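K.L.:
Following this message is one structure expressed as structure tokens.
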Amino acid sequence: NKEQMSLQKTLLYYIVVVAIGSLLFWIIPWFALLLFIIVSGYHFGEQQWENLEKSNLFRLFEFAYGLLILMLLFIFHIKEVQEVIQNITTVLVPESYFTIGLIINIVALVALGIYYSTKLIEFKNRVLLETFYLLVFAVLFRVSSLIWGFAIYFIIWHSIPSIINQINYLNGEINWKNFGKYIKSAFVYWIISLIGIAILYFLFKDIKIFNALFFSFLAAITFPHVLVIFILFKKK
């Protein structure tokens, strides 16, 4: 962008968005959690299909795909997820809601997938690979805990591709020099984030609501990230 923002201004915007997200979890927790799931679902699907030429309507498919990833995680850890949701919102979501949600999600995804298979050749060529990924996610979530399953997916299938996209966008190509520049500019923020979450863990690890605090924290920092990546892909 020709109009450069100062570091202070950028940081202020980031903190404001995180603060609003945190405030929502305090004032209207059920809405904040629902918004987090919707935003994350779209964001995961957007990242997974980001190299595809697409229309605005395709974003609906991306949302369904990303939401299915979350639903698979939820369905294999229903008790833990119920507990997290109840600790955040005081609402106990019946198990049947997860099952019904998963079925609706799968039906919508299959219908949209069939439609786009007839419209986009590149999409058709990727369907088998992305379906295979969903099977891998299902196995991964089934054999691991809630946080470990989410962490492994988040790092390997989401964060690393996202970092590659960011380096490519900022520097025009992927190479070790540009990777080094990215690490150098991001390292301080990573350290601060790790220290922050380590403090959160050691202060609250023995408290029953740690998972709720962890996902609330994760949600609050997700909102500005999703916004930045959405703009990045749009400009790209």
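The values are calculated or read from the model by the stated rules, or taken from the named source; none is laboratory data. In this text, all values refer to a predicted model and were calculated from it rather than measured experimentally. Glycine gets a Cβ as well: all are built from the backbone with ideal geometry, and neighbour counts include every protein chain shown. Keep in mind that these areas ignore ligands, DNA and RNA; they rest on the heavy atoms of the full protein, side chains included. Shrake-Rupley method; radii C 1.70, N 1.55, O 1.52, S 1.80 Å.
K.L.:
For segment 113-193, rounded, prolate or oblate, judged on the Cα gyration tensor with a ≥ b ≥ c (square roots of eigenvalues), a/c < 1.5 rounded, else prolate if a/b > b/c? Before the final figure, lay out the partial values.
P.N.:
Details: a/c = 3.52, a/b = 1.34, b/c = 2.64.
Taking the square roots of the gyration eigenvalues as a ≥ b ≥ c, segment 113-193 is oblate.
K.L.:
Next question, about the same structure. Label points 7 Å out from Cα along the Cβ direction at Thr90 and Phe204: separation in nm?
P.N.:
1.8
K.L.:
Find the accessible area per residue for segment 126-236; the probe is 1.4 Å, ligands and nucleic acids are left out, and the unit is Å².
P.N.:
64
K.L.:
Could you tell me which residue out of Phe58, Ile38, Leu73 lies farthest along the dipole of segment 1-73 toward its positive end? Charges go on the beta carbon: Lys and Arg +1, Asp and Glu -1, centred on the Cα centre.
P.N.:
Ranked along the dipole, the leading option is Ile38.
K.L.:
Measure off, as a whole percent, the carbon and sulfur share of the 1.4 Å-probe accessible area of segment 76-162, all protein chains present. Don't jump to the answer; show the numbers that get you there.
P.N.:
On the way: 3840 of 5190 Å².
About 74 percent, which is the carbon plus sulfur part of the accessible surface.
K.L.:
Work from the charge dipole of the chain (Cβ charges, +1 for Lys and Arg, -1 for Asp and Glu, about the Cα centre) and give the residue of Trp148, Asn125, Gly101 farthest towards its positive end.
P.N.:
So the residue we want is Asn125.
K.L.:
Return an integer: the convex hull volume of the alpha-carbon atoms of segment 76-116, in Å³ per residue.
P.N.:
Values: hull volume 3.1 nm³, N = 41.
With only Cα atoms used, segment 76-116 gives 75 Å³ per residue.
K.L.:
Continuing with the same structure: Quick one: Kirkwood hydrodynamic radius for the chain, alpha-carbon pairs, angstrom, one decimal?
P.N.:
Details: mean 1/r = 0.0516 Å⁻¹.
After inverting the pairwise mean of 1/r, the radius is 19.4 Å.
K.L.:
Ok, one more. Could you size up the charge dipole of the chain around its Cα centre, putting +1 on the beta carbon of Lys and Arg and -1 on that of Asp and Glu, and report it in debye to the nearest 20?
P.N.:
Working: 17 positive and 12 negative charges, 110 e Å.
So the dipole magnitude of the chain works out to roughly 520 debye.
K.L.:
Related question: Taking square-rooted eigenvalues a ≥ b ≥ c of the alpha carbon gyration tensor, is segment 176-236 rounded, prolate or oblate, where a/c under 1.5 means rounded and, failing that, a/b exceeding b/c means prolate?
P.N.:
Details: a/c = 4.49, a/b = 1.61, b/c = 2.79.
Oblate shape, in that a/c is at least 1.5 and b/c is the bigger or equal ratio.
K.L.:
Return the loop-located GluC sites (Glu not before Pro) in segment 7-61 (DSSP other than H, G, I, E, B) with at most 15 other Cβ atoms within 10 Å of their own Cβ; answer none if there are none.
P.N.:
Values: sites: Glu46, Glu50, Glu53; in loops: Glu50, Glu53.
Those satisfying the criteria are Glu53.
K.L.:
Now a separate question. Which helices count as membrane-span-like in the chain under these terms: full DSSP H, at least 15 Å along the axis by C-alpha, Kyte-Doolittle mean of 0.5 or more?
P.N.:
On the way: long enough: 7-27 (30 Å, 1.76); 29-48 (28 Å, 0.79); 58-75 (25 Å, 2.06); 78-89 (16 Å, -0.02); 95-117 (33 Å, 1.51); 121-143 (35 Å, 1.21); 160-171 (16 Å, 0.34); 176-204 (40 Å, 1.18); 210-235 (38 Å, 1.71).
TM-like helix candidates: 7-27, 29-48, 58-75, 95-117, 121-143, 176-204, 210-235.
K.L.:
Quick check on the chain: helices-only [θ] at 222 nm, where DSSP H runs of length 4 and up contribute -39,500 (n - 2.57) each and the sum goes over total residues. Nearest 500, please. The partial results should precede the final answer.
P.N.:
Working: 10 runs with 192 residues, N = 236.
One gets -28000 deg cm²/dmol as the mean residue ellipticity at 222 nm.
K.L.:
I need the trypsin sites (Lys or Arg not before Pro) found in segment 1-109, filtered to DSSP loop residues with at most 12 other beta carbons within 10 Å of theirs.
P.N.:
Numbers: sites: Lys2, Lys9, Lys54, Arg59, Lys79; in loops: Lys2, Lys54.
Those that pass, being in a loop and sparsely packed, are Lys2.
K.L.:
Regarding segment 4-137, what are the three Cα extents along the principal axes, ordered largest first, in Å?
P.N.:
49, 45, 24
K.L.:
Also, I was wondering about something else. With Cβ to Cβ distances under 11 Å as the rule, what net charge do the other residues near Glu122 carry (K, R +1; D, E -1)?
P.N.:
My count for the surroundings of Glu122 gives +3.
K.L.:
Next up: Would you kindly state how much longer the chain becomes between Phe230 and Val127 on full extension, computed as 0.36 nm times their sequence separation minus their alpha carbon distance, in nm to one decimal? Before the final figure, lay out the partial values.
P.N.:
Values: separation 103, 0.36 × 103 = 37.08 nm, distance 2.29 nm.
Full extension from Phe230 to Val127 adds 34.8 nm.
K.L.:
Nearest 20 debye, what's the magnitude of the dipole of segment 50-187 about its Cα centre given +1 on Lys and Arg Cβ and -1 on Asp and Glu Cβ?
P.N.:
Details: 10 positive and 9 negative charges, 64 e Å.
Dipole magnitude for segment 50-187 comes out near 300 debye.
K.L.:
Suppose each label sits 7 Å from its Cα in the direction of the beta carbon; what would the Ile28-Ile191 distance come out to in nanometres?
P.N.:
4.0
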